[in-house]
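The values are calculated or read from the model by the stated rules, or taken from the named source; none is laboratory data. Keep in mind the model is a prediction, meaning the values are calculated, not measured. Neighbour counts are summed over all protein chains in view; Cβ atoms, including those assigned to glycine, are modelled from backbone coordinates with ideal geometry.
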Amino acid sequence: MEDRPSKGNRERLYGVFSLSKKGKVGTWQTQKTITHRLLFYAEEKDNGIITVQPINKNYVPSGPKREIPREEFLENFTPEPEIYVNQVYPAMRNLTKTIARAERHRRNKEYYSAEYEFKNALRIDEENIRATFGLGLTYLDRGDKEKARVVFNRIYNLNAAFDREHKHLFNEFGIKLRKNGLYKEALKYYFKAYRLEKWDEHLFFNIARACYELGKFKAAWRFIEKALKINPNFKEGIKLRKVLETHFSKGVERGEGYGE
Amino acid sequence: MESKFFGEFLVQKGVIGEEDLQVYLRHQKEINNKIGEFCLKRGVLRPEEVERILEVQKGIDAPFGEIALELNLLKKEEMHDLLFFQEIENLHLGEVLVKKGILSLQETSLLLREFSKVEKERKKLLYQVVQNNGNKELVVLIEVLEKYFLRRRHGVLKPVAIDIKRFPFTAQDLCLRLLFGRDKGYYLWLGTQEKGLRAPFWDAEDFIYNYLRQRGKEVGLEKPLGEVERELLSLRHNILFSSSTEEFAGIFY
C-alpha cells in the first residue's frame with residue numbers, strides 16, 4: 001500500500017493489510033462457511049522481511065509480531081489504505097501522544113497524572129511495553145510496592161519479543177525495585193536485561209549489588225568480577241568488591257547494608 | 001486525622017458536595033468490575049466456576065485468585081494478567097472525576113498528592129498505636145475487620161488512630177471505642193466511604209470468629225482470645241440489633 005523511502009533505491013512497504021480466513025459455523029444443515037477478515041499492521045525491514053502485528057479493537061497494532069517473507073506476504077495480504085488513514089494512523093498517533101504525556105508527567109514527578117495517562121495508554125493497547133514499564137516505574141517512584149508487584153508480574157508474563165532497546169527498561173525497573181527493597185524481583189529483571197545484552201558493566205554491577213543485598217555473596221563476587229573485567233576502573237564496582245573482600249576475610253555470612 | 005478516603009477528603013475540602021460524592025461512588029461501582037466479574041468478562045472462567053470459587057471463599061480466608069489457582073481453574077500467569085487488567089480497567093474516584101470533567105487532571109493530581117500526605121500521617125499514627133505496648137490483639141482485630149470488609153462486603157475499611165496520648169488499648173477497649181468512642185478523649189474507628197454499608201452479623205460472625213482464632217494462634221497471642229471474641233460478638237449483636245445501630249452506621253460511613 002504505502003511505500004516509505006529508505007536509504008537505498010528500494011522503498012519499504014508499510015501500512016494496514018487484511019488477511020481473510022475461512023471458517024465454519026453451525027452444524028449439519030445449518031452449517032455454513034464464513035470469512036473472517038483480520039487486520040494487521042505490516043512493516044518491511046531492510047532485508048525484505050515483513051513484520052506483521054495484529055490490530056486490536058482500538059485500531060492500534062498490539063501483541064506479538066511475526067515475520068513473513070515478502071512474496072508470501074504479497075500473495076496473502078490485501079492492502080487496506082482507508083483503514084490505515086482514517087483509523088489506525090490517528091489511533092497510533094493518539095497512543096504515542098498519550099505515552100509521551102505520561103512520560104513527561106513522570107519526569108516532572110507528577111506521579112498521579114503519569115499513572116492516569118499510562119493507564120489510558122494501556123486501555124488502548126494493553127500489550128504496550130513502554131506504557132507497562134512506565135506504569136510500573138511510576139508506582140515504584142511513588143513507593144507503591146503492591147501495585148508495582150502487579151505490574152512486575154505482568155511484565156514477566158508479556159509475550160512480546162523484547163529487543164535490545166528494551167534492556168534499559170528492564171535495568172531501570174530492576175534498579176527501582178532494588179531501591180524499594182524488592183531484591184528478588186530486581187534480580188529477575190536484571191537477568192531479563194542480561195539476556196538482551198550480555199556485556200554491560202553497570203548491569204553486572206546491579207546484579208552483584210542485588211545479590212549482595214540478598215546475602216548471596218559468592219554470586220555477588222562473580223558478577224562484580226565480570227563488571228570489573230569489562231571496566232577495571234569502574235569506581236562503584238571497585239568499592240563493592242572491597243566490601244565483599246572484607247566480608248569474605250571476616251567470614252561473615254551476611255553483612256551490613258551496602259548504603260545508597 | 002479524620003480523613004480516611006479520597007472522597008471524604010474532597011468533601012471536607014469543599015471540592016465536591018456530599019451528595020455528589022455518593023453519585024460518583026455509585027457510578028464508579030457500576031463501571032468497575034470485581035475480580036469474578038472480570039474473569040467472566042474476559043472469558044477466562046465460566047459462571048459456574050466463579051460461583052464455585054465464591055462458595056469456597058465463604059469457608060476460608062483466601063483471595064479469589066489463590067482459590068482459583070488451588071482449584072486449577074486458573075494458571076498463575078492468567079491470574080497475574082487478570083489482576084493487571086483489572087488494575088488498568090477499573091477507575092479510581094479521581095479518574096472518574098477527571099473523566100466526568102468535574103476536575104482537571106492537574107487539580108486531581110495535586111489533591112491526590114495532598115491526600116497521600118494525610119494518608120501517610122494516618123498510617124504513621126496507626127503504626128504508633130499498634131506498636132505501643134506490643135498490642136497484638138489490636139493488630140489482629142484491625143486485620144480481621146479489614147479483611148472481613150474486603151472479602152465479604154467488597155469494601156475497604158481503614159482504621160484511623162486519633163489522639164494516641166492516653167494509650168494503651170486492648171481489643172475490648174477498641175470494641176468499646178468503636179461504639180462509644182466519641183465521648184472519650186481518644187478513639188480508634190473504622191470507616192468506609194460508602195454510605196449504608198453494614199455487615200449482616202450472621203455472615204460476619206463466622207468469618208470474624210474463625211479468623212480471630214486462626215490469626216490469634218499464628219501471631220501467638222499470650223492470652224486466649226475467647227474473652228475478646230465473646231465481647232466482640234456480643235457487642236456486634238448490640239451494634240446490629242440495639243439502638244446503637246445508628247451509631248454503628250455512623251462509624252462505618
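Output yes when any residue across the range A:64-71 is surrounded by fewer than 23 Cβ atoms within 10 Å (Cβ to Cβ), within 15 Å of the chain's Cα centre (by Cα), more than 9 Å from chain B (Cβ to nearest Cβ) and at pLDDT below 85, and no when none is.
Yes, that holds for at least one residue.
Condition (residue is closer than 27 Å to A:Arg123 by Cβ, modelled with pLDDT of 90 or more, surrounded by fewer than 19 Cβ atoms within 10 Å (Cβ to Cβ) and over 19 Å from the mean Cα position of the chain (by Cα)) applied to the range B:31-38: is it met by at least one residue?
Among the residues of the range B:31-38, at least one is closer than 27 Å to A:Arg123 by Cβ, modelled with pLDDT of 90 or more, surrounded by fewer than 19 Cβ atoms within 10 Å (Cβ to Cβ) and over 19 Å from the mean Cα position of the chain (by Cα), which makes the answer yes.
Just to be sure before I move on: is B:Glu121 under 30 Å from A:Gly134 (Cβ atoms), more than 14 Å from every other protein chain (Cβ to nearest Cβ) and modelled with pLDDT under 90 in the structure I sent?
The answer is yes for B:Glu121.
Looking at B:Glu70, is it closer than 28 Å to A:Ile124 by Cβ and at pLDDT 90 or above?
Here the answer is no, as B:Glu70 does not meet what is asked.
Taking the range A:165-202 as the search range and keeping residues that are of a type in the set (Asp, Glu) and within 20 Å of A:Ile238 (Cα to Cα), which one is modelled with the highest pLDDT?
A:Glu201
Results for (1) surrounded by 14 or more Cβ atoms within 10 Å (Cβ to Cβ); (2) in contact (Cβ under 8 Å) with a residue 60 or more places away in the chain; (3) β-branched (Val, Ile, Thr); (4) in contact with a His (Cβ under 8 Å, 6 or more places away or on another chain), shown as yes or no for each residue.
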| position | (1), (2), (3), (4) |
| --- | --- |
| A:Tyr14 | yes, no, no, no |
| A:Leu38 | no, no, no, no |
| A:Glu43 | yes, no, no, no |
| A:Gly48 | no, no, no, no |
| A:Ser62 | yes, yes, no, no |
| A:Phe73 | yes, no, no, no |
| A:Thr78 | no, yes, yes, no |
| A:Asn94 | yes, no, no, no |
| A:His105 | yes, no, no, no |
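Give the number of residues within the range A:102-114 that are more than 9 Å from chain B (Cβ to nearest Cβ) and not hydrophobic (A, V, I, L, M, F, W, C).
Final tally of qualifying residues: 6.
Test of understanding: among A:Lys192, A:Lys198, which residue is in a helix (DSSP H, G or I) and either surrounded by 20 or more Cβ atoms within 10 Å (Cβ to Cβ) or of a type in the set (Lys, Arg) (or both)?
Every option except A:Lys192 fails the conditions.
For the range A:29-81, give me each residue that is hydroxyl-bearing (Ser, Thr, Tyr) and closer than 22 Å to A:Thr96 by Cα.
A:Tyr41, A:Thr51, A:Tyr59, A:Ser62
At least 1 residues that are closer than 30 Å to B:Asn90 by Cα, touching a helix residue (DSSP H, G or I) at 6+ places or on another chain (Cβ under 7 Å) and charged (D, E, K, R) in each: list the helices (runs of 4 or more DSSP H) lying fully within the range A:44-130 that qualify.
Because the criterion is at least 1 residues that are closer than 30 Å to B:Asn90 by Cα, touching a helix residue (DSSP H, G or I) at 6+ places or on another chain (Cβ under 7 Å) and charged (D, E, K, R), the helices (runs of 4 or more DSSP H) in the range A:44-130 that meet it are A:89-107, A:111-124.
How many residues are under 16 Å from the mean Cα position of the chain (by Cα) and at the interface with chain B (Cβ under 9 Å from one of its Cβ atoms) if we restrict to the range A:120-148?
Number of matching residues: 4.
If I ask for residues that are of a type in the set (Lys, Arg) and at pLDDT 80 or above, which ones from the range A:236-260 would you list?
Correct list: A:Lys239, A:Arg241, A:Lys242.
Please state which of the following conditions B:Phe6 fails to meet, knowing it meets all the rest: (1) without any contact (Cβ under 8 Å) to a residue 40 or more places away in the chain; (2) more than 16 Å from A:Val150 (Cβ to Cβ); (3) touching a His at 6+ places or on another chain (Cβ under 9 Å).
(1)
Among the residues of the range B:39-60 satisfying the criterion of being away from chain A (no Cβ under 13 Å) and in a loop (DSSP other than H, G, I, E, B), which is modelled with the lowest pLDDT?
Looking at residues that are away from chain A (no Cβ under 13 Å) and in a loop (DSSP other than H, G, I, E, B), I get B:Ile60.
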